[in-house]
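Comments concern the structure below.
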Amino acid sequence: MTFNPFKFQCQDVNRMIHLGGRVLLANEQGTGKTAESIMFLQQKSKALPCVVVCPATIKFVWETQAAEHFGMRAE
C-alpha cells in the first residue's frame with residue numbers, strides 16, 4: 001500500500017527538515033502526525049534508529065503505519 005500525503009503534511013515535513021527535527025507536532029487528532037513523523041525519518045535516515053514516546057494504546061498504530069505505508073520495521 002502506498003501513502004499519498006496531503007499538501008499540509010508535506011509542508012509540515014518540510015518544516016521539520018528545515019528545523020532539523022527539533023519540533024513538537026501538535027496538530028489536531030487524526031491529521032496524520034504519525035505519518036508525518038515517519039516521513040521525516042525516511043528523509044533524515046541519520047535520525048534512525050529513534051525512540052518514539054507515546055501512550056501504550058498508540059504504539060501499535062506506529063508499528064502498523066510504519067510497516068504498511070512505509071515498509072519500515074518497528075521493534
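Once you have the Cα-Cα distance between E28 and M72, take 0.36 nm times their residue separation minus that, and quote the gain in nm to one decimal. Display every interim value, and only then the final one.
On the way: separation 44, 0.36 × 44 = 15.84 nm, distance 2.47 nm.
Extra length from E28 to M72 when fully extended: 13.4 nm.
Between H18, L41, A66, whose Cα lies farthest towards the positive end of the dipole of the chain when Lys and Arg beta carbons carry +1 and Asp and Glu beta carbons carry -1, centred on the Cα centre?
Sorting the options by dipole projection puts first H18.
Is it possible to state the helix-based mean residue ellipticity at 222 nm for the chain, with each DSSP H run of 4+ residues giving -39500 (n - 2.57), the sum divided by total residues, to the nearest 500 deg cm²/dmol? What is it? Display every interim value, and only then the final one.
Numbers: 3 runs with 35 residues, N = 75.
One gets -14500 deg cm²/dmol as the mean residue ellipticity at 222 nm.
Please compute the contact order of the chain in relative form: average sequence separation of alpha-carbon pairs under 8 Å and at least six residues apart, divided by the residue count, as a percent. Can you show the working numbers first?
Working: 39 pairs, mean separation 25.5, N = 75.
This gives 34 percent for the chain.
Taking the Cα centre of the stretch 3-57 as origin and charging only Cβ (+1 Lys, Arg; -1 Asp, Glu), how large is the dipole, in debye to the nearest 20?
Details: 6 positive and 3 negative charges, 41 e Å.
For the stretch 3-57, the charge dipole is close to 200 debye.
Any read-out appearing in this document is the output of simple, stated calculations on the displayed coordinates, not a laboratory observation. Source: prediction; values computed, not measured. Note: ideal-geometry Cβ built from the backbone for every residue, glycine included; neighbour counts use all protein chains shown.
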